[in-house]
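The structure under discussion appears below in the form of structure tokens.
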Amino acid sequence: QVQLVESGGGLVQPGGSLRLSCAASGSIFSFNPMGWFRQSSGKQRELVATITRSGNTYYADSVKGRFTISRDNAKNTVDLQMNSLKPEDTANYYCNAWYGTNNYWGQGTRVTVSS
């Protein structure tokens with residue numbers, strides 16, 4: 001059973017930075033793609049960024065140029081570097097992974113952007 005555990009969330013002021021990390025219970029080499037989603041109060045879960053096994057990335061327009069997704073197959077982690085954070089980035093952030101036709105989710109980590 002695959003387990004994804006997120007960490008790195010917290011409270012940050014507008015314009016600040018946070019780095020989220022997703023640790024998998026096993027090798028992520030075959031997970032394709034992996035990504036981060038977020039869900040804010042009263043809204044549907046939305047895609048933030050994805051990264052394929054070969055390193056190709058995709059970003060939602062709302063985070064393009066501010067967020068960077070990366071994966072370390074040796075450490076079995078996928079990180080999301082978030083810069084220039086805005087109040088509208090406040091949400092629960094979830095790690096996601098596809099393995100074949102199986103889809104896995106982490107429990108989420110809370111990011112609050114507020115002064």
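Descriptive notes on the structure:
- Reachable lysines from residue 75, criterion Cα separation under 29 angstrom, eight or more residues apart if same chain: 64
- Each Cα pair under 8 Å and six or more residues apart adds its separation to the average, and for the chain the resulting relative contact order is 37 percent.
- With every protein chain in place, segment 10-115: carbon and sulfur % of accessible area (1.4 Å): 45
- Distance between segment 27-55 and segment 66-115 - C-alpha centres, whole angstrom: 7
- For residue 111, neighbours were defined as the other residues whose beta-carbon sits under 12 Å from its Cβ, and their charges (Lys and Arg +1, Asp and Glu -1) total +1.
- Computed over the chain, the ratio Rg/Rh where both radii use C-alpha atoms and Rh is Kirkwood: 0.95
- Here segment 1-50 is described by how far its Cα atoms reach on the three principal axes: 36, 22, 17 Å, from widest to narrowest.
- When you filter the chymotrypsin sites (Phe, Trp or Tyr not before Pro) in segment 1-45 for DSSP loop state and at most 16 other Cβ atoms inside 10 Å of their Cβ, you are left with 29.
- In order along segment 99-115, the phi-based Karplus estimate (6.51 cos²θ - 1.76 cosθ + 1.60, θ = phi - 60°) of 3J(HN,Hα) comes to 10, x, 9, 9, 10, 10, 10, x, 7, x, 9, 8, 10, 10, 10, 7, 8 Hz; Gly and Pro are listed as x.
- Heavy-atom surface of the chain, accessible at 1.4 Å and reported per residue (Å²): 54
- In this structure, the amide hydrogen of residue 16, modeled 1.01 Å from its nitrogen in the peptide plane, lies closer than 5 angstrom to those of 85, counting only residues at least 5 positions away or on a different chain.
The values are calculated or read from the model by the stated rules, or taken from the named source; none is laboratory data. What you are looking at is a predicted structure, and each value in this text was computed from that prediction instead of being measured. All Cβ positions, even for glycine, are placed from backbone atoms using ideal geometry, and neighbour counts span all protein chains on display. For accessibility, only protein heavy atoms count, side chains too; no ligands or nucleic acids. Shrake-Rupley method; radii C 1.70, N 1.55, O 1.52, S 1.80 Å.
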